[in-house]
Amino acid sequence: MQAVSGQELAFARNTMSTFETILLMLLVVDALALAGLVLLQQGRGADVGAAFGSGSSNTMFGSSGATSFLTKVTAWLAIGFFVISFGLAYSAKERAAEQNLLGLPEIIQPAVEEAQAAPEEQLTPESESVDSDIPEV
């Protein structure tokens, strides 16, 4: 394991923090855009009503309607969402590895003799105890 100086560690921590912040902002924007596009799309049965004349024509996005355009954009936003999520997972893994470089303080175990030195206390005094098959806790 290589020794890392304090300045290098601080620079890496700030860079990773900035990277995570940018990825998190992109993830929120992507999620909001994805939710908005899903809400804009029509259901599968919406075209049946338009075939009988009870709906408006979809001429805003061309003669084929908005389905192909919105479907493609939704697919690309979903791919972006997964890529950004994997980027955040990678940065979390790197941050955990960085914590291992710093080292964790060790917990000192109490001496076993201290635990054995204390006498066991009974919950009920002998005068109030009852003969029973149930063991005392």
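The values are calculated or read from the model by the stated rules, or taken from the named source; none is laboratory data. Remember, predicted model here, so these are calculated numbers, not experimental data. No Cβ is skipped: glycine too gets one built from the backbone with ideal geometry, and neighbour counts run over all protein chains shown.
For segment 14-49, the set of residues classified as at pLDDT below 65 and part of a helix (DSSP H, G or I) consists of A46, D47, V48, G49, listed by residue number. Kindly establish whether G87 is in contact with an Asp or Glu (Cβ under 6 Å, 6 or more places away or on another chain), modelled with pLDDT of 90 or more, surrounded by 14 or more Cβ atoms within 10 Å (Cβ to Cβ) and within 30 Å of T15 (Cα to Cα). So G87 does not fit the description; no.
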